[in-house]
Amino acid sequence: MVDSVVKKLLPLAIGWWLCFHHVTAEYYSSVEQMRQLLKLEDSLIASLGHYIKLHEQKIEFLTRQRDLLAKELKEGQKHEIAYVSNPVSAFLLANRLVTEWERLRVFMDLDVGAKLQNNTAMPTSEDVLGVAEAMARLQDIYQLDARQMASGKLLDRKLGRQLKTAECYEIGNKLSSTGNHRYALGWLRESLRLWTTESPGVSKVEVMNGLSYVLAQLGEYEEALDFTNKVLKLQPDNQLALKSKEPIAKWIEYKKQHGLPPPPPQANYGHYPSLCRGDYQRPAKEMAHLRCRYEHSRTPFLRIAPLKLEEMSHDPFIVVYHEVISTKEIDTILQISKPLLHRSMVGDSQKKEVSKTRTSNNGWLDDGMHAVVRRISMRTGDMTDLAMSAAEQLQVGNYGVGGHYLPHHDYAVPEEGKQAYPDVGKGNRIATVMYYLSDVDIGGATVFPEIGVGVFPRKGSAIFWYNLHANGTTDRRTLHGACPVLVGSKWVANKWIHEHGQEFRRPCPLNPEG
């Protein structure tokens, strides 16, 4: 509809421009010439009628588009966090803003009438691809099926509507372009399953060409060739199918003779996926000695205001403090930090870079910025009995769609002769305290795959662990990761504490290996 209206409107607009800007005849010098003006006005009135008709068609089209977009927006506004954190609806939202709204803007700009006014930076194709990668990550960790996701379900919870054929195709296409062919295959199969002759936005040939390409990338050449042949049966002159048929046939022959090369090795993070899903069960003998208790002995203050403590592991030492930060304090922290957020980086101060292993935004808060920030530093000291003079600023982070941080250590392993965290200058990170500033509907756990410990976010709680042994050596068992957020918005605040000044707070044991 857009194309047909544009094709009619553009020549007409040019024609009007010619009529009003290229008049060279002296009509007044001849009655016969003046008589021609009657014919000219008749022609202009006819053109004006045609112009009005095209505008009516344009208004009808824009009205339909507005109603469709408004309906989708209304659904999103009912539960904003659930909508924008749901990977499917988040993808559709970003894709609409990158593609649909750009087409509408171009369509509207063809005329001299009203134009779209927007002071906010629009998302880009990079945002769409980022959401697609997040979707593949979530499907991988949480074992999500494309067909179930397309029906609006995530882990048997109904969170959205049934997707259309073109939407499934678009998701599969974007997953394919990011190299996630395994998950693209499921979405393209679902697109083909849903396709009917009345499906708008994508042809059956496009879907089957997409399937042929993805299957070939996965080494399933026989089925890829089958789809290519089906395309050529429907469209014998389809150029994409014609170009791909011979290479696929050659690969089939190669596969028969030599087999397929071994797949590239995949990173192994042990129990990370099963801990994220909550599937992993720790042995009973490990759980038997863990307790929930009041902590009142670390500092004198805790004698009058003990903290609720849940033991997660004795060795390495990992505990969760419950109800240690109030909703009012959290609201203040979020209000201060939101204007300071920027894309999270990985690496030390000498080499920081954006990485796909960590998808979140963060900002740093100094104690001098607000009384609440100072209060949290003091509370961290009470929780850990460590000197806050060696602590970094409070880092507030918000995870994005499918936001995660792959397993890593908080301590640094510097090159020989160099110190850890030279910009801080206070030694290595001896301990970590992470405050949970929000609940998360599904996902977002903090897990320790080496020891099988998983902690799911609970607003107001904080997790505390030592990164180093008491003798100052690194504890590799503290490998930990942030699981992908499936639904919800995950806010955390990290307080990293360094070695210097802790000599009398956590003294070295007499046994140097202790």
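The values are calculated or read from the model by the stated rules, or taken from the named source; none is laboratory data. Note that the coordinates shown come from a computational prediction; the quantities given were computed from them, not determined experimentally. Every residue, glycine among them, receives a Cβ derived from its backbone with ideal geometry; neighbour counts consider all protein chains shown. Just so you know, the surface numbers come from the protein's heavy atoms only, side chains and all, with ligands and any DNA or RNA stripped out. Shrake-Rupley method; radii C 1.70, N 1.55, O 1.52, S 1.80 Å.
Can you list the lysines whose alpha carbon sits under 18 Å from that of Lys230, skipping same-chain ones fewer than 8 residues off?
Result set, ordered by chain and number: Lys204, Lys243, Lys245.
At a Cα cut-off below 18 Å, give the lysines reachable from Lys53, other chains included and same-chain residues fewer than 8 away excluded.
Result set, ordered by chain and number: Lys7, Lys8.
So what is the calculated 222 nm ellipticity per residue for the chain, using -39500 (n - 2.57) for each DSSP H run with n of 4 or more, over all residues, to the nearest 500 deg cm²/dmol?
For the chain, the value works out to -14000 deg cm²/dmol.
Anything over 28 Å Cα to Cα? Flag those among Lys71/Lys174; Lys71/Lys158; Lys153/Lys328, in the order listed.
Lys153/Lys328
Hey, with R₀ at 56 Å, roughly what FRET efficiency would Ser326 and Thr197 work out to, going by the Cβ-Cβ distance, to 0.05?
Computed FRET efficiency for Ser326 and Thr197 comes out at 0.40.
Determine the order of Val492, Val84 by accessible area, beginning with the largest, at a probe radius of 1.4 Å.
Sorted descending by solvent-accessible area, the residues read Val84, Val492.
Sort all Cα-Cα distances of the stretch 88-217 into consecutive 5 angstrom bins from zero, then give the percent of pairs in each bin up to the one containing the longest distance.
Each 5 Å bin holds this share of Cα pairs: 2, 11, 19, 20, 19, 13, 8, 6, 2, 1, 0.
Considering only protein heavy atoms, with the full assembly of protein chains and a 1.4 angstrom probe, order Ile141, Ile304 by accessible area, largest first.
Ile304, Ile141
Of all trypsin sites (Lys or Arg not before Pro) in the stretch 288-346, which ones are in loop regions per DSSP and have a Cβ with at most 14 other Cβ atoms within 10 Å?
Arg291
Assigning unit charges at the beta carbon (Lys, Arg +1; Asp, Glu -1) and nothing else, what dipole magnitude in debye, to the nearest 20, does the chain show about its Cα centre?
760
At 0.36 nm per residue, minus the direct Cα-Cα distance, what do Glu310 and His50 gain on full extension? Give it in nm, one decimal, please.
Separation in residues times 0.36 nm, less the Cα-Cα distance, equals 86.0 nm.
Give the carbon-plus-sulfur fraction of the accessible surface of the stretch 125-258 in %, rounded to a whole number; probe 1.4 Å, heavy atoms of protein chains only.
Taking all protein chains in place, the stretch 125-258 shows 49 percent carbon and sulfur surface.
Can you sort His258, His271, His181 by 1.4 Å-probe accessible area, starting with the largest?
His258, His271, His181
Measure out, as a whole number of angstrom, how far apart the alpha-carbon centroids of the stretch 245-291 and the stretch 375-442 sit.
Each part reduced to its Cα centre gives a spacing of 31 Å.
Roll a 1.4 Å probe over the protein heavy atoms and report the accessible area of Thr327 in Å², nearest 10.
Around 80 Å² of this residue is reachable by solvent.
Rounded to the nearest 10 Å², what accessible area does Tyr294 show when all protein chains are kept and the probe is 1.4 Å?
Rounded to the nearest 10, that gives 140 Å².
List every residue whose amide H lies under 5 Å from the amide H of Ile318, counting only residues 5 or more places away in sequence or on a different chain, with H placed 1.01 Å from N in the peptide plane.
Met312, Ser313
Quick one: grab the alpha carbon gyration tensor of the chain, order the square roots of its eigenvalues as a ≥ b ≥ c, and give me rounded if a/c is under 1.5, else prolate or oblate depending on whether a/b is larger than b/c.
Prolate is the answer for the chain, as a/c is 1.5 or above and a/b outweighs b/c.
Expressed as an acute angle from 0 to 90° and rounded to the nearest 10, what is the orientation of the C-alpha long axis of helix 371-384 relative to the principal long axis of the chain?
50
Taking the Cα centre of the stretch 161-225 as origin and charging only Cβ (+1 Lys, Arg; -1 Asp, Glu), how large is the dipole, in debye to the nearest 20?
The dipole of the stretch 161-225 has a size of about 200 debye.
Can you give me the solvent accessible area of Val424 with a 1.4 Å probe, rounded to the nearest 10 Å²?
50
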